[in-house]
Amino acid sequence: MMEKESGERNSSPLVAELSELAEGCISDIVSLTSPKDACRACAVSHKFRAAAESNAVWEKFLPSDYQAIVARSSSSDSLNLTSKKQIYLSLSDNPILIDDSKKSFFLDKSSGKKCYLLAARELCIIWSGSPQYWRWISLPEESRFPEAAELLDVCWLDICGTMSTSMLSPKTNYAAYLVYKLTEEAYGFDHLPPTVSVGTTEGGEVCKQTVFLGQPAVEPNQQDQIVPPQQQQHTSHPSQRKDGWLEIKLGEYFNEEGKDYELQIRLLEGESRQWKSGLIVEGIEIRPTKG
Amino acid sequence: MSSVKKVTLKSSDGEIFEVEETVAMESQTIKGLIEDDCADNAIPLPNVTGHILSLVIQYCKEHTSSSDSNSSKSNEKLKAWDTQFINVDLNVLFDLIMAANYLNVKGLLDLTCQTVADMIKEKTPEQIRAMFNIVNDFTPEEEEEVRRENAWAFEISLKNNNVVDTFEVEESMAKELQTIKNMIEDNYTDSVIPLHNVTSDILELVIEDCKKHVEAAESESEPSYSLASKLIDDPLKA
């Protein structure tokens with residue numbers, strides 16, 4: 001079974017010589033792994049590094065329409081980078097603003113899938129046009145967008161985001177999150193938790209649950225006593241993000257291949273008639289689930 | 001006489017193969033030669049030995065007949081055949097890659113490359129070198145630089161109580177903890193390491209402490225052992 005090849009090989013015939021492979025072949029192999037594997041492969045040897053950093057490899061990891069998306073940014077420095085690997089890493093680490101600064105686009109670093117953060121201005125927030133209920137504020141230190149929406153007072157909380165599923169990566173399971181903060185004087189979020197839903201009208205099943213916007217890292221058994229026990233199972237809790245905002249999961253959606261549906265993401269609390277205040281909305285983020 | 005057109009292929013070690021033209025044309029390289037009328041005599045293939053050439057021909061035969069309208073080979077059966085076919089030792093696998101590349105047989109190149117790609121996935125550089133007998137031709141400084149440039153790829157996830165909190169830590173830091181170091185060195189290929197006996201708070205403290213150790217080691221000062229590092233020995237020693 002063991003082959004003794006031509007006399008060119010100096011090593012023992014029992015051991016395979018991957019190093020004999022042309023760099024192009026190694027690139028072909030690496031492009032079938034993953035971005036993380038490709039970066040790890042750089043540390044194997046000089047030849048592996050050259051193969052693993054080649055444009056052929058990283059072109060495969062980038063979404064096929066990335067150039068068109070980047071073109072929608074008014075300040076796209078990304079395309080001026082010299083290598084596809086650098087473009088990939090830049091789009092993963094530094095989201096870019098597109099569509100008149102109404103959306104933020106970035107890649108999921110480990111998979112190369114497309115992710116978006118829809119700005120508050122891109123969302124449909126009921127009553128946000130009325131200054132006694134909501135106001136638009138500028139938070140240059142904290143927000144990546146020109147404006148965020150601050151809730152002054154409503155009893156009907158209704159936030160909706162829509163986007164075309166063709167913007168998402170195919171055959172991928174996505175999750176949507178509300179990205180927000182609560183001011184110190186916030187009130188009204190500890191009674192009836194809002195209902196959230198994610199889905200499409202064409203696609204059929206819509207994922208629905210309730211969320212608890214209040215204090216993060218609250219253990220379920222320490223939850224506010226007022227929330228009825230039967231809602232605890234379906235209620236998710238916020239977590240702290242690296243960019244300083246909180247996020248709460250609103251639901252999941254599996255994006256098929258080749259379909260162009262309208263994805264609707266909604267948060268609604270209109271039953272309790274309770275007045276709420278102090279919610280600052282950065283936007284709604286859509287990114288792939290892990291695993 | 002057979003009405004099927006045949007071509008003659010000659011391997012690097014002189015073996016002669018007579019192959020149907022349609023089968024031989026699975027190779028874009030050979031197809032080009034045939035179309036340019038260069039295939040009247042035996043086509044010499046100096047880069048491919050007889051053994052490997054016979055395997056390539058086998059592959060081409062199988063994949064030509066399946067596109068035949070008379071053939072009842074389903075996709076599933078073909079995949080099963082491929083899996084069986086590719087079950088060869090590494091030397092043969094690499095020779096097949098090189099032959100598929102040289103002869104430009106796309107299906108075979110995809111199949112062989114995917115097989116090797118699956119072997120590389122999730123492996124550390126050391127494991128890849130060991131598996132394929134690659135010499136590490138980096139100097140220690142060069143290797144350090146490459147690892148630093150690609151630091152995110154070397155992070156290991158530590159998960160507590162099998163549940164929610166995952167901490168991304170640099171491999172060098174995680175190795176400060178003996179238990180984790182052993183797991184990594186035992187080729188624990190899953191990049192998520194579950195730590196059942198440790199809560200988030202403790203794990204956070206421990207990680208902070210490891211960070212200090214690594215930073216202290218880098219600045220060549222004497223590392224000071226804090227209370228948290230004493231906790232390393234207790235909850236984490238299996």
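The values are calculated or read from the model by the stated rules, or taken from the named source; none is laboratory data. If you're wondering where the values come from, they're calculated on a predicted model, not measured in any experiment. Ideal geometry is used to build each Cβ from the backbone, glycine not excepted, and the neighbour counts take in all protein chains shown. Note: areas computed on protein heavy atoms with side chains; ligands, DNA, RNA excluded. Shrake-Rupley method; radii C 1.70, N 1.55, O 1.52, S 1.80 Å.
Just a few scattered comments:
- This model, with +1 at the C-beta of Lys and Arg and -1 at the C-beta of Asp and Glu, gives segment A:114-288 a dipole about its Cα centre of some 200 debye.
- Positive-end residue, segment A:114-288 charge dipole about Cα centroid, Cβ charges, pick of A:F254, A:A176, A:F212: A:F254
- Take the accessible area of A alone and of B alone, subtract that of the pair with a 1.4 Å probe, and the total buried over both chains is about 3500 Å².
- Note, ³J(HN,Hα) from phi for segment A:96-110, Karplus 6.51, -1.76, 1.60, rounded to Hz, x at Gly and Pro: 10, 8, 10, 6, 6, 6, 9, 9, 10, 10, 7, 9, 6, 4, 7
- 11 Å beta-carbon shell around A:L107, net charge (K/R +1, D/E -1): +2
- With a 10 Å cut-off around each Cβ of B:96-102, the average count of Cβ atoms from other chains is 3.
- Solvent exposure of segment A:114-288 as accessible area per residue, Å², 1.4 Å probe: 48 Å²
- Cα-Cα pairs of segment B:1-125 separated by more than 27 Å (percent): 21 percent
- Alpha-carbon Debye profile of segment A:114-288, log10 I(q)/I(0) at 0.11, 0.17 Å⁻¹: -0.45, -1.08
- Karplus-based coupling profile of segment A:64-70, in residue order and whole Hz: 5, 9, 4, 5, 5, 5, 4, with θ = phi - 60° in 6.51 cos²θ - 1.76 cosθ + 1.60 and x standing for Gly or Pro.
- Net charge, A:S45 excluded, C-beta distance under 9 Å - Lys, Arg +1, Asp, Glu -1: +2
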